[in-house]
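The values are calculated or read from the model by the stated rules, or taken from the named source; none is laboratory data. This one's a predicted model, so the numbers in the text were calculated from it and none came from an experiment. Here Cβ is always computed from backbone atoms with ideal geometry, including for glycine, and neighbour counts include all displayed protein chains.
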Amino acid sequence: MMGTRMKTIAAVARGFLRAKRGNVAMMFGLALVPLVLAAGAGLDYSRAMLVRQQMGEALDAAALAVGSTTGLNATTAQALAQKYFDANYTIDKTDFGSPTIPPLTYNANGSVTITANNTMNTILMNLVGIPSIPVSTTSTVVWGQSKLWVALVLDNSGSMSQGDASGSKMSALKNASQQLLTTMQNASATAGDVQVSIVPFVKVVNVGTANVGASWIDWSDWSKPPVTDQVHDTHQADSDSELNGWPLKSFGPGDSCPYSNSMGYLCNANATNNSNCSPDNSGGCINIIASSGATKGFICPSMHGSGTSDGLPYHFYNGCWTGTTWDNSYSQQTGSSATCNGHSASNCTCTGSSGSKVCSAKNYPHTWVANRTGTWDGCIMDREWKPAASTDYDETNTTPSGGYTNFPAENNQYCAVATVTPLGYNWTTLSNQITAMTAYGATNQAVGFEHGWQTLTPGLPYGTPSVPANTSRYIIILSDGLNTEDRWWGNGSTESTTQDGNIDTRMNAVCTAAKADGIIVYSIYVNIGGTDGNSAPLQNCASDSSKYFALTTTNGVVTAFAQIAEQITNVRVVH
């Protein structure tokens, strides 16, 4: 009986094994378990990768914050890193774990390495005894890996006093520049590895009166007499010309000053012994040439005309014609229209009438005597430009060596207040120079850019040393407007005209040449409210589009400078 049953069971078993109707479902059921486990593992590992990515991004932000902040030590760096990590790690810590940051490795002069560790709870993998997955990531930031020479070329024109609800553009510029100096200082592992120059500019740049004896100053324009009829006056100013029909030599002590102009300048009154003449002609004006005292016979013209193409608009004349002694000769006018106009009765008389009328004025031989160069206020203008010879010494960054290659001294009503600070790393001096900046005058970006380039170029005029190996040179130029006046074109109110287009063309040439010389250029256009359109010259001047900033608020100035400082000091994540 038992044997029969066993045979029956064996037969059924063999039949089951040979059966084909249910094997697919059975095999699927058996395979489902590892498939579910694999899918669960994939899900949990995907979650782990998401966590690691979020940790990495938060850690990079923390490392960059530490690397960009000055004055830290290991303890304060740790606290700052934790603060930035917490602010940027936004995943739900209940589901994905709470990362920890062990003590970081911090070198104030070079790098910071930060690690974040986490234990993430699993979901499906927990079913097979794997309750959690460790997640870890590390971020390293380095900075100051090369020597840096940076020229700050900063617009100090009058419109920089304007702004928005957050303050003036000048205040924002000063604040941003001071912060950039701090970043530069702290990016230097060794004193002198990072050096900065500052070039405030308006129509001209001020190199400082300490350079009055420098070999690279050209005094020819500063000291020469008027030689054209464009002196803002109604008369010629040349000794060979006629002043109301009379030659200049016919004017002497007691006569009227032969100059008049729409600006209210006649003859300068501060001409005592021709040594104390005010360099900006601010001493007031006289109508009658002195007939006694130290200024007897002095004729001191004041200002050149605007809108001229001779390179001297608004140029103050720095000297006087002298003529105190009558040489016993006369100049004459004849005919019915003859007159002693402008002459005193003691110097000119008329006889006859109608066509036979003769007016005779005494002649006073005149000599032009220039003011002492010690009255110079420190400003210099664009160098000589000779289109016929295709020569522009600023465009080619020519080293001054005499003649037209030197920088021409200028006395102008729009002389910059703050002076050029040559390349260096006396951070107190640099900071004081930023503080001294004042908004005043017209805009000539080209002259500022050229002198920024000169400060990064070895030799004269700024005594820049040879460029050390592994040194990157940068110019950061900021301006709030369009070019409106230089040595030859514009008058400060000629936006978007052919005059200003000529200034822009010259600026583009200077920028192109500087970039070809290896200078990396960042340009910043401060256009409050975006009402003035784009600045093509500044945009073209930048080394590439990522280095051009078009700002519409004063707050944007600080942000832009911070971004630039981070980039040029090589504060970067290297993992």
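Remarks
- Subset of the range 94-115 that is more than 24 Å from Thr183 (Cβ to Cβ) and assigned to a strand (DSSP E or B) - its residue that is modelled with the lowest pLDDT: Thr100
- Within the range 507-538, tally of residues that are touching a residue at least 24 places away in the same chain (Cβ under 8 Å) and over 30 Å from Pro468 (Cα atoms): 9
- Condition check for Thr435: surrounded by fewer than 15 Cβ atoms within 10 Å (Cβ to Cβ) and at pLDDT 90 or above: yes
- Members of the range 528-546 that are buried (at least 19 other Cβ atoms within 10 Å of the Cβ) and not aliphatic (A, V, I, L, M): Ser535, Pro537, Cys541
- Qualifying position, being of a type outside the set (Phe, Trp, Tyr) and modelled with pLDDT of 85 or more, among Gly293, Gly352: Gly352
- Asn483 passes every criterion in (1) at pLDDT 95 or above; (2) in contact with a helix residue (DSSP H, G or I) (Cβ under 6 Å, 6 or more places away or on another chain) apart from (1).
- Residue satisfying all of: in the range 210-255; surrounded by 15 or more Cβ atoms within 10 Å (Cβ to Cβ), hydrophobic (A, V, I, L, M, F, W, C) and not in a loop (DSSP other than H, G, I, E, B); modelled with the lowest pLDDT among these: Leu243
- Within the range 374-389, restricting attention to residues that are surrounded by fewer than 20 Cβ atoms within 10 Å (Cβ to Cβ) and assigned to a strand (DSSP E or B), the residue that is modelled with the highest pLDDT is Trp385.
- Residues satisfying the stated conditions in the range 62-92, i.e. polar (S, T, N, Q), within 21 Å of Asn118 (Cα to Cα) and surrounded by 13 or more Cβ atoms within 10 Å (Cβ to Cβ): Gln78, Gln82, Asn88
- Per the conditions (1) small (Gly, Ala, Ser); (2) over 16 Å from the mean Cα position of the chain (by Cα); (3) surrounded by fewer than 24 Cβ atoms within 10 Å (Cβ to Cβ), the sole criterion not satisfied by Ser171 is (2).
- Residue check, Gly448 buried (at least 24 other Cβ atoms within 10 Å of the Cβ) and either touching a strand residue (DSSP E or B) at 6+ places or on another chain (Cβ under 6 Å) or part of a strand (DSSP E or B) (or both): yes
- Residue check for Ala176: more than 15 Å from the chain's Cα centre (by Cα), crowded, with 19+ Cβ neighbours inside 10 Å and closer than 30 Å to Ala542 by Cα: no
- Here Gly492 fulfils each of the conditions (1) modelled with pLDDT under 95; (2) over 24 Å from Ala409 (Cβ atoms); (3) of a type in the set (Gly, Ala, Ser) apart from (2).
- Flag for Asp394 being of a type in the set (Asp, Glu), surrounded by fewer than 21 Cβ atoms within 10 Å (Cβ to Cβ), under 23 Å from Asn206 (Cβ atoms) and under 33 Å from the mean Cα position of the chain (by Cα): no
- In the range 75-99, the residues that are within 15 Å of Met49 (Cα to Cα) and assigned by TED's automatic domain parsing to the domain that holds Asn118 form Cβ pairs under 9 Å with partners that are crowded, with 16+ Cβ neighbours inside 10 Å and of a type in the set (Lys, Arg), at six or more places apart or across chains, as follows: Asp95/Arg47; Phe96/Arg47.
- The range 120-137, residues that are closer than 23 Å to Gly56 by Cα and surrounded by 15 or more Cβ atoms within 10 Å (Cβ to Cβ): Met120, Asn121, Thr122, Ser132, Ile133, Val135, Thr137
- In the range 130-138 there is no residue matching the filter, namely being within 16 Å of Val558 (Cα to Cα) and out of contact with any helix residue (DSSP H, G or I) (no Cβ under 6 Å at 6 or more places or on another chain).
- In the range 416-426, residue surrounded by the most Cβ atoms within 10 Å (Cβ to Cβ) [restricted to those that are modelled with pLDDT of 90 or more and in a loop (DSSP other than H, G, I, E, B)]: Val420
- Residue within the range 405-415 that is in a strand (DSSP E or B) and farther than 23 Å from Val510 by Cα present: yes
- Here Thr90 meets the list (1) over 30 Å from Asn555 (Cα atoms); (2) assigned to a loop (DSSP other than H, G, I, E, B); (3) not acidic (Asp, Glu) almost entirely, failing just condition (1).
- Strands (runs of 3 or more DSSP E) contained in the range 329-373 and holding at least 3 residues surrounded by 15 or more Cβ atoms within 10 Å (Cβ to Cβ): 330-334, 358-362, 367-370
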